[in-house]
Amino acid sequence: MTRAVNDFGSELKVLDELHRGDGAQPAVFETITVSKEAGVLFAEIASPPMNLLGPELVRDLVSVIQQAEADDSVRVLVFKSADPDYFIPHVDVTRIAEYRQFAAKLAGEPSLGLLFRYLSASHLITIAQIEGRVRGAGSEFVLACDMRFAARESAIFGQLEMAFGQTPGAGAIQHLTRLMGRSRALEVLSSAQDYDAELAERYGWINRALPAAALDGFVTSLAQRIAAFPAAGLSKLKERVNAIALAPVEEFRRDSALFVELGGQPETRIRMEAAMKRGFQTREAELDLNRMLGELVEQ
Amino acid sequence: MTRAVNDFGSELKVLDELHRGDGAQPAVFETITVSKEAGVLFAEIASPPMNLLGPELVRDLVSVIQQAEADDSVRVLVFKSADPDYFIPHVDVTRIAEYRQFAAKLAGEPSLGLLFRYLSASHLITIAQIEGRVRGAGSEFVLACDMRFAARESAIFGQLEMAFGQTPGAGAIQHLTRLMGRSRALEVLSSAQDYDAELAERYGWINRALPAAALDGFVTSLAQRIAAFPAAGLSKLKERVNAIALAPVEEFRRDSALFVELGGQPETRIRMEAAMKRGFQTREAELDLNRMLGELVEQ
Amino acid sequence: MTRAVNDFGSELKVLDELHRGDGAQPAVFETITVSKEAGVLFAEIASPPMNLLGPELVRDLVSVIQQAEADDSVRVLVFKSADPDYFIPHVDVTRIAEYRQFAAKLAGEPSLGLLFRYLSASHLITIAQIEGRVRGAGSEFVLACDMRFAARESAIFGQLEMAFGQTPGAGAIQHLTRLMGRSRALEVLSSAQDYDAELAERYGWINRALPAAALDGFVTSLAQRIAAFPAAGLSKLKERVNAIALAPVEEFRRDSALFVELGGQPETRIRMEAAMKRGFQTREAELDLNRMLGELVEQ
């Protein structure tokens with residue numbers, strides 16, 4: 001497990017390296033380590049202690065996406081995590097206003113949902129290689145990627161928002177309803193329960209669950225195969241598929257606004273405080289977040 | 001297997017009990033026994049000899065839905081069957097005009113399809129816990145519920161209408177095409193064949209197939225978890241998911257009209273008579289209805 | 001393995017036989033052998049050496065569809081292959097202009113995609129019984145059928161176009177995105193990889209994978225069951241399901257045009273030449289086409 005914690009000043013140096021297209025050399029942002037190889041940019045999220053989606057990580061995701069889009073030699077962007085237990089557990093609920101400002105840099109509006117939709121509409125092919133927990137906006141980030149492959153032993157999926165009386169604000173409603181149909185989406189979204197990789201595959205949440213030992217090899221090989229194909233075809237393909245299956249910006253905007261609106265309910269604040277008292281946003285307590293969410297006291 | 005057969009006069013008493021919100025006390029309609037526990041209303045269908053969907057059951061379903069919607073303490077409505085072999089086998093074909101009148105009470109129009117769509121649009125989260133046979137409008141009723149969990153050993157699914165030259169009139173075309181895609185929906189709808197729970201799960205007809213012994217515990221636990229979450233969030237969630245995946249009223253109305261129209265064909269009457277001679281609408285003969293439907297004489 | 005290679009003059013005789021409704025008698029086109037039994041027309045593709053989709057096969061497919069549609073006694077049309085290794089591998093890339101002219105006979109425009117959409121919109125119920133390889137337009141042909149059942153041991157699926165920098169032009173984008181969702185469709189369409197029958201089933205590419213030994217019996221029995229049901233109901237069913245799940249003609253037309261447009265890229269020509277040198281369009285080399293497509297030299 002490599003962890004790259006670095007000062008922000010190193011970003012400019014990194015971007016230079018990316019532009020040189022020097023594949024061998026790893027580059028580091030504060031919360032993401034990137035490396036490029038044969039048309040594939042690998043972005044490894046490493047934001048200890050648990051990869052919470054806060055301002056720094058949103059800022060670095062924006063930078064990585066911008067750089068990859070600007071680099072003609074990059075066709076495929078792979079996201080993975082340096083932490084085997086947490087890919088992205090969810091947003092940092094104490095810093096919502098801050099990370100939304102960073103999202104606006106690419107999305108034009110302070111909304112994670114619109115940032116993630118920007119990623120889905122990108123000409124790049126994006127792949128999430130998932131080990132550990134993706135809940136809430138973590139799940140929504142990987143749903144915004146074009147494909148998702150997950151480690152059978154360790155990946156855990158959940159939309160936790162309803163335990164706080166909220167609906168997901170960054171795309172889960174749009175993606176999950178289309179991927180798994182009305183009934184499974186209502187189950188997943190209303191129950192705030194954890195789903196393992198095998199069930200997530202059966203429900204269509206991910207493309208496939210694979211043995212952890214085979215995951216990295218599988219994704220790398222797939223990414224390199226795709227990256228060897230002509231860029232114009234890949235870009236046109238995404239346009240055509242998105243025209244059918246990617247929800248309009250306006251729907252993402254409404255889900256984003258509803259998330260904020262419901263966040264203002266007294267019940268949400270009461271439940272959030274109860275969760276914080278039980279260790280929400282700590283590495284240890286979130287290992288069994290599923291149980292905690294089912295036990296938050298009724299208002 | 002509890003069966004509650006009761007005179008209709010008891011209904012008013014039951015409604016009173018529901019309004020008192022007294023969870024411990026079971027309540028009975030003529031064809032449905034209801035009990036409430038911690039925000040969940042359990043409605044057990046018990047209409048011997050085989051839970052045919054006739055006027056009494058439609059009337060009681062309407063009452064249960066109305067009461068549950070009017071009771072602020074109810075967030076989740078679970079439907080199950082007191083008969084392990086039949087959940088709802090299909091409509092009572094000898095009493096179509098009658099049950100349609102009862103459907104109009106909630107739907108505004110004499111159409112089962114519109115009644116079922118009303119249920120899908122309700123702010124309540126609805127779960128079907130399925131043992132035994134759901135065919136025809138029985139399948140359409142559970143498809144109108146938000147989620148479906150079925151006993152692996154006993155649940156059987158079928159849209160039998162095409163064996164009589166009809167298309168399903170109460171939502172199966174709308175739901176199955178969206179849940180399982182064009183090809184599997186055409187298979188299911190054109191073949192009038194039986195599907196077991198395992199295959200129904202693979203096709204997306206149900207959320208999941210579970211061992212019969214685990215089914216009740218699983219559904220109760222899921223329902224109670226959801227019922228502990230704030231009502232406003234659940235209601236908004238359904239609105240947003242339905243906006244994507246619930247077909248418009250007009251499409252249900254057209255399917256309903258087409259069902260009636262095709263029911264007037266001479267072939268349909270000939271096939272229905274042939275089926276009645278072979279025991280259609282009797283408990284014993286419908287245990288292997290799949291075979292009977294494949295053998296009705298060509299007109 | 002029966003192979004019927006015949007001169008074109010025999011077609012008129014065949015059509016006469018079809019109209020006589022004489023089930024026992026097999027009929028032969030140059031590239032397709034047809035037989036009729038109890039409302040089902042079985043069309044076996046036999047165009048050695050490998051069932052490439054060229055002008056003769058497109059011409060004969062058009063004839064078979066026209067005849068089946070004109071014959072009131074036919075309700076179900078089953079396509080299978082006389083070659084256990086190849087169902088339809090893809091189009092004959094050396095004769096594109098020619099086969100497109102034959103497609104225009106039914107589609108009104110020189111486009112395979114519009115011919116295939118015509119088949120999907122037909123009042124006939126169509127079933128593909130798949131052994132061997134279906135790649136490119138071969139996959140698109142079976143996707144245009146209402147249902148697809150495949151031999152677990154031998155069926156192989158792939159959309160190979162992206163290896164040449166093209167997007168599929170005959171319906172794969174429209175069908176696969178709707179059947180398997182955005183993420184799996186992007187995987188399949190961008191990777192140009194082979195998928196076996198089991199994975200194709202999990203992804204919704206086919207209805208079901210079956211043991212090869214059981215496939216013929218299963219499909220024949222299903223086809224005969226459906227063919228015993230009244231024609232008016234089957235026809236109305238297709239109308240209603242297609243209204244939900246069959247993409248508009250205009251989308252097929254755009255994909256068709258994009259395929260031609262991207263085919264004009266220098267990269268496409270370079271890659272096609274590289275493939276031809278390695279045995280593309282030969283029986284032996286295409287047994288492991290998956291590997292070849294991953295190794296075509298970058299332009």
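Remarks
- Distances from residue A:66 to itself in the other copies, using label points 7 Å out along the Cα-Cβ axis, amount to 6.1, 6.1 nm in increasing order.
- Here chain B carries DSSP beta bridges of which approximately 30% are antiparallel, counting only pairs with both residues inside.
- For the protein assembly as shown, a crude dipole built from +1 on the beta carbon of Lys and Arg and -1 on the beta carbon of Asp and Glu, taken about the Cα centre, is about 720 debye to the nearest 20.
- For segment C:38-87, the spherically averaged projection of the C-alpha convex hull amounts to 3.5 nm².
- Residues whose placed amide H lies under 5 Å from that of residue C:208, excluding near-sequence neighbours: C:148, C:150
- Placing unit charges on the Cβ atoms only, positive for Lys and Arg and negative for Asp and Glu, gives segment A:32-164 a dipole magnitude near 180 debye about its Cα centre.
- At 7 Å out from Cα toward Cβ: residue A:273 inter-copy label distances (nm, ascending): 7.4, 7.4
- Within 10 Å of each Cβ in B:101-110, the average number of Cβ atoms from other chains: 0
- Expressed as a whole percent, the accessible surface of the protein assembly as shown that belongs to carbon and sulfur atoms is 53, based on a 1.4 Å probe.
- Overall size of segment C:45-134 from C-alpha positions, given as principal axis extents largest first: 35, 29, 16 Å.
- Among the residues of A:240-252, the average count of other protein chain beta-carbon atoms within 10 Å of the residue beta-carbon is 4.
- Nearest-ten-degree value, helix A:55-70 long axis tilted from longest Cα axis of chain A: 30 degrees
- Using only alpha-carbon positions in the protein assembly as shown, the gyration tensor eigenvalues give semi-axes of 43, 43, 19 Å once each is multiplied by 5 and square-rooted (largest first).
- Whole-Hz ³J(HN,Hα) from phi, Karplus 6.51 cos²θ - 1.76 cosθ + 1.60, for segment B:137-150, glycine and proline x: 5, x, 5, 5, 5, 5, 5, 6, 5, 6, 9, 9, 10, 10
- Residues in segment A:104-121 carry Karplus couplings, in order, of 4, 4, 9, 7, x, 9, x, 8, 4, x, 6, 5, 5, 5, 4, 4, 5, 8 Hz; the curve used is 6.51 cos²θ - 1.76 cosθ + 1.60 with θ = phi - 60°, and Gly or Pro positions show x.
- Of C:235, C:139, C:120, the one that fluctuates the most in a GNM where chain C has Cα springs shorter than 10 Å: C:235
- Cβ-based charge dipole, chain B, positive-most Cα from B:287, B:244, B:93: B:244
- Isotropically averaged projected area of segment A:85-166, using the convex hull of Cα atoms (one quarter of hull area), nm²: 5.8 nm²
- Hull volume in cubic angstrom per residue (convex hull over the Cα atoms of chain B): 118 Å³
- C-alpha long axis of helix B:172-191 to longest principal axis of chain B, angle in °: 30 degrees
- Charge sum, other residues only, whose C-beta stays under 12 Å from residue B:118's C-beta, Lys/Arg counted +1 and Asp/Glu -1: 0
- The long axis of helix A:249-263 is offset from the longest Cα principal axis of chain A by roughly 40 degrees.
- Only Lys, Arg, Asp and Glu carry charge here, each on its Cβ (+1 for the first two, -1 for the last two); on that basis chain B has a dipole of about 680 debye about its Cα centre.
- DSSP bridge pairs, the protein assembly as shown: antiparallel proportion in percent, nearest 5: 30 percent
- Compactness index (Cα Rg / 2.2 N^0.38 Å), segment B:117-218: 1.00
- Seen through its C-alpha gyration tensor, with square-root eigenvalues sorted a ≥ b ≥ c, segment B:205-266 comes out oblate because a/c lies at 1.5 or above while a/b is not bigger than b/c.
- Chain B: relative contact order in percent, alpha carbon pairs under 8 Å with at least 6 residues between: 16 percent
- Segment C:49-166: relative contact order in percent, alpha carbon pairs under 8 Å with at least 6 residues between: 29 percent
- Isotropic mean projected area of the C-alpha convex hull, segment A:138-280 (nm²): 9.9 nm²
- When accessible surface is computed with a 1.4 Å probe, chains A and C are found to bury approximately 2900 Å² between them, both chains counted.
- Between amide H atoms placed 1.01 Å from N, distances below 5 Å from residue B:86 occur with B:133, all of them 5 or more places distant or on a separate chain.
- Per-residue HN-Hα couplings for segment A:265-281 [Karplus 6.51, -1.76, 1.60; θ = phi - 60°; Hz; x = Gly/Pro]: 5, x, 4, 5, 5, 4, 5, 5, 5, 4, 5, 4, 4, 8, x, 3, 6
- Per-copy distances of the residue C:257 label point, shortest first, in nm (7 angstrom along Cα→Cβ): 3.5, 3.5
- Once backbone amide H atoms are built at 1.01 Å from N, residue A:53 has A:90, A:91, A:92 as its partners under 5 Å, excluding neighbours fewer than 5 places away on the same chain.
The values are calculated or read from the model by the stated rules, or taken from the named source; none is laboratory data. Note that this is a predicted model, so its numbers are computed, not measured. Neighbour counts are summed over all protein chains in view; Cβ atoms, including those assigned to glycine, are modelled from backbone coordinates with ideal geometry. Calculation scope for accessible area: heavy atoms of the full protein, side chains included, ligands and nucleic acids excluded. Shrake-Rupley method; radii C 1.70, N 1.55, O 1.52, S 1.80 Å.
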